[in-house]
Amino acid sequence: MAEVTPSGSGGPIHLTGPAVDGPLEIRGGVGGISFQLEELMGGAEKLDAAAGELAEVEIEVHRIWQDLCPYQNEPRPTGTAALMDVGEAQWGVQAVRTELQKISQQVRDCKGEYERAEAVMSYRREYALTGMGTWAKQVQDFGVTRSLNRDVMELMAGNVPATLGVLFGPHASIAGRVATEYSAAAHVAAASPSVRSVTGLNPRILEPRPVAARAMESFPIELDASPAGLLERARLIDERGDGYIEVLEVDNAGQKAYIVVIPGTQPGSGMGGDNPFDIAGIGEGLGYGSVEVNAAVLKALQAAGAEQGAPVVAVGYSQGGIHAMNLAAGERFRAEYDVKYVLTAGSPVGSIDPGAGISALHLEHRHDWVPGSDGTASPDARNRVTVTLTNEVRTLEGEDPGLGPGHKLTNYQEGARLVAASDDPTLVASTAVLGGVLGAGGTATATRFALTRSKPPEPQPALRQVPTPMPQAPPRPPEIGRAR
């Protein structure tokens, strides 16, 4: 957008890109481009309203000028001079109105340019036409992490046909079939027939099954209510064992608020078993909106004593972040509780839309491919802040690489500490929302629940096919009898 400045005013109107604070790259929130455009469009609407009022003034001044025309032959102080003054006033009003309309139109042109640029980038991502810089960065990162980075994973996952073509190579028919089913309905169940034919996996284990929540223990804790402190609760609940979540009750100036803490993927218990956070849990989260996990968390909150309408903060690492965002997106859950804030770390949640008025802080690492595995970047929105950690991380000698060094929870905890210490306006505003819900922390009550997924339905025995008897032709008369 061209730099435009009203006469006699301050600096130029312009948009700023993602903010950078040390190793933190910040998108969205009150410093995001979307919010800037909202503010500019709001300003443009006010300029249009002011221009409309000036147009009315301009018409009225012109009417006065016309009324003065019969007096132009009067003595100069009362005739011609008055006409000239009123005429100049009309031209001045007209000049201001024209300038306001020009600025308003340029703001709208700016928004249109941004939307066209976004459409071009979306097209380039869909058809893998991104610049060489993305792939060059991947080559550089692979030398450090030996894994994909977030941007390339996002590109591959968001362009299913091309990715499958590369992975399956000569088996193009399989790739095409899976891609077609995926594109027809972006749902885990959509591609299940082809997935089964390729892997031999029964897709029924990816389907949601009822999840029970059972309270196991309750005890007081000293809560650190900062983003890093909340991620520490995610680490502790994961250490407690497979299938556990934690509900924290916090007293904030006499009002009770609740925190739901959900761990990351726990692959050690197999797939499709009784642990809802196994690998199949990713399928429920991304494909089915965490329908059964949401129901179990709802029961856990009720069992912990949370009254209807109580404010809730949802916290999740990796897969847990998917479920946490689905709590905010779930109409049934929001009908019971007032979700105020969601904190995710290393989670693919770009395609999950929380309810209106719910703030979210997403921590991602450029070395971590997991947040890009849904093929969608977290949107630049007023209520959603995405912080990308750009520091270099490596797997230490003899250390289990897991899903790559960028995905480690300890790295995200360090990033969360940097977020709390930052004076960036976007991060200050986001953490202020969290502090407004939870206060400064202090004594809280932690209740841990064991979540158990029900057993899959028994396969139905195949029906035995009973052959249908063929009708018999009537006996033919003997040849001798027919001859007679």
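Please treat every number below as a calculation from the coordinates, not as lab data. If you're wondering where the values come from, they're calculated on a predicted model, not measured in any experiment. Backbone-built Cβ (ideal geometry, glycine too); neighbour counts: all protein chains shown.
From least to most packed, judged by other beta carbons within 10 angstrom and beginning with the fewest, ASP242, ASP278, ASP400 follow the order ASP400, ASP242, ASP278.
If you average the sequence gap of Cα pairs under 8 Å that are 6 or more apart and divide by the length of segment 268-402, what percent do you get for the contact order? Don't skip to the end; give the middle numbers.
On the way: 223 pairs, mean separation 23.4, N = 135.
Contact order relative to length: 17 percent.
Inter-label distance, SER218 to LEU396: 3.9 nm, where each label sits 7 Å from its Cα along the C-beta direction.
Please rank SER378, SER347, fewest neighbouring Cβ atoms within 10 Å first, as an exposure proxy.
Details: SER378 25, SER347 31.
The order, fewest Cβ neighbours first, is SER378, SER347.
Compare the peptides 429-438, 247-256, 317-326 by average per-residue count of other Cβ atoms within 10 angstrom and give them in order, highest first.
Values: 429-438: 19.1, 247-256: 15.6, 317-326: 29.2.
By packing density, highest mean first, the sequence is 317-326, 429-438, 247-256.
In this simple spin-label approximation, ALA50 and ALA303 carry label points 7 Å from Cα along the Cα→Cβ vector, and these lie 6.0 nm apart.
By other beta-carbon atoms within 10 Å, ranking ILE262, ILE358 with the fewest at the front produces ILE358, ILE262. Length gained on full extension, GLN106 to GLN94, computed as 0.36 nm times the residue gap minus the Cα-Cα distance: 2.5 nm.
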